[in-house]
Amino acid sequence: MTTSRFSQILRSLCASLAVLATGTAMADGASYYYDGARKVTISQVPYLAADFAGTASGPQASLAPGVSRVAGDSVVRIYRMPASPLNTPDAGATSSLTPVFVRGQAASGRLMALPGGVLVKFKPDWTREQVDAWVAARGFAKARAMDFGKNWFRIDTLPGAASLQAANVIFESGDVLAASPNWWMQTSAK
């Protein structure tokens with residue numbers, strides 16, 4: 001990622017007025033997701049941002065001042081942003097950066113980020129036609145069948161808060177057996 005691209009991302013983040021100073025919850029208050037039927041509390045980690053778009057660009061380019069890479073893999077890069085609450089990505093951010101979360105209320109533990117998509121388990125008696133009709137009626141793009149079980153599908157969403165919010169709305173509709181964001185999770189705690 002070039003310094004100018006990172007500077008552009010930082011400017012777009014600073015332009016977002018809906019950022020919470022603490023960085024512990026999304027702008028709409030959604031600070032949870034569902035793992036099956038269990039509600040799991042999550043906290044946004046202040047000053048960390050995930051970049052799913054910049055990982056294919058080979059060796060790490062020079063970063064903007066105050067920005068450092070702290071974690072990641074071949075799918076994502078996690079950056080520590082300068083110590084300003086305006087540099088914490090949120091639902092209103094327009095860049096490729098998305099929030100970083102941990103389970104619970106502490107800002108430590110395994111990092112989690114949202115590349116986009118919701119994993120949904122529909123009722124076993126639903127046909128593919130019923131699934132497609134349900135997905136279309138709610139304004140989502142086509143559902144793709146998953147390989148790990150009957151009536152598991154992936155519905156595409158934007159990355160970040162859109163994925164989290166969509167998963168919660170889908171599960172809370174009561175129409176499905178499970179709905180969870182398509183999480184990227186760090187393989188070892190930071």
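Computed from the coordinates by the stated procedures, all read-outs in this text should not be read as laboratory data. Fair warning: this is a prediction, and the values are worked out from it, not measured in the lab. For neighbour counting, all protein chains shown are included, and Cβ atoms are generated from backbone atoms with ideal geometry for every residue, glycine included.
Here 185, 81, 112 are placed in order of increasing Cβ neighbour count within 10 Å, fewest first, which gives 185, 112, 81.
The alpha-carbon of residue 142 sits under 16 angstrom from the alpha-carbons of these aspartates and glutamates, leaving out residues fewer than 8 places away in its chain: 129, 132, 156.
Measuring nothing but how far apart in sequence close Cα pairs (under 8 Å, 6+ apart) lie, relative to its length, region 118-185 scores a relative contact order of 43 percent.
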